[in-house]
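Worksheet: the structure to be examined is printed underneath.
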Amino acid sequence: MDKQEVIDLLSSKMKLIRVEKGYTQDKMAEVLGISKKTLVQIEKGRTQANWTQVVALCALFRDSEIIESVLGDSPLEVIETIAHEEIDAPKGKTLGGKVWWREIKRMGPFRLQQNIISKHYRILDVYDDRWYSSFDKEEALRRLEELARAAKM
């Protein structure tokens, strides 16, 4: 998944997200910091949201079931991973990946998972803290090995 894919997917779902939240076009445009005219153009498929608007949408409506159906249970993690190409630092507690994730490999106290919707990878520890995220499987496997080796020391 890349920026353009996320823009395509979320632009086509913007009206559904607005309706899900019970917002008028005026309110939705105000919340996103765009004009009502721009919102109407996006909702009618005449134009697409830009990256900044999609990031704002994910941040401000991260609990949206519509967004979760497109990006999985961690929309901000997907956005952050795309923007930075990878995340390589402990980032805090997750829910452990029981619904949107499949386990790829375990090594020591760490496990590599792949999101079934966005297809990105992440490494969690035994406490379900996220240590790494990337769309690159080989890089994720390499980082898993590094983390497992360091944990043995």
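For the range 49-60, state whether one or more residues are more than 24 Å from Y127 (Cβ to Cβ), modelled with pLDDT of 95 or more and not in a helix (DSSP H, G or I).
Within the range 49-60, one or more residues are more than 24 Å from Y127 (Cβ to Cβ), modelled with pLDDT of 95 or more and not in a helix (DSSP H, G or I).
V126 - would you say it is of a type in the set (V, I, T), exposed (fewer than 15 other Cβ atoms within 10 Å of the Cβ) and farther than 16 Å from E77 by Cβ? Spell out the reasoning first.
Values: of a type in the set (V, I, T): yes; exposed (fewer than 15 other Cβ atoms within 10 Å of the Cβ): yes; farther than 16 Å from E77 by Cβ: yes.
Judged against the criteria, V126 is a match.
Given the conditions (1) out of contact with any strand residue (DSSP E or B) (no Cβ under 8 Å at 6 or more places or on another chain); (2) without any contact (Cβ under 8 Å) to a residue 24 or more places away in the chain; (3) not assigned by TED's automatic domain parsing to the domain that holds K21, which single one is not true for K44?
(3)
In this structure, is V78 among the hydrophobic types (A, V, I, L, M, F, W, C) and surrounded by 17 or more Cβ atoms within 10 Å (Cβ to Cβ)?
Working: among the hydrophobic types (A, V, I, L, M, F, W, C): yes; surrounded by 17 or more Cβ atoms within 10 Å (Cβ to Cβ): yes.
Spelling it out, V78 is indeed among the hydrophobic types (A, V, I, L, M, F, W, C) and surrounded by 17 or more Cβ atoms within 10 Å (Cβ to Cβ).
Restricting to the range 61-90, name every residue that is outside any helix (DSSP H, G or I) and either under 8 Å from the mean Cα position of the chain (by Cα) or within 15 Å of D8 (Cβ to Cβ) (or both). Talk me through it step by step, then tell me what you get.
Applying the first criterion (outside any helix (DSSP H, G or I)) to the range 61-90 yields 61-64, 72-74, 85-90.
Selection gives G72, D73, S74.
The values are calculated or read from the model by the stated rules, or taken from the named source; none is laboratory data. It should be emphasised that the depicted structure is a prediction, and the values quoted were computed from it without experimental measurement. With ideal geometry, Cβ positions are generated from the backbone for all residues, glycine too; neighbour counts draw on all protein chains shown.
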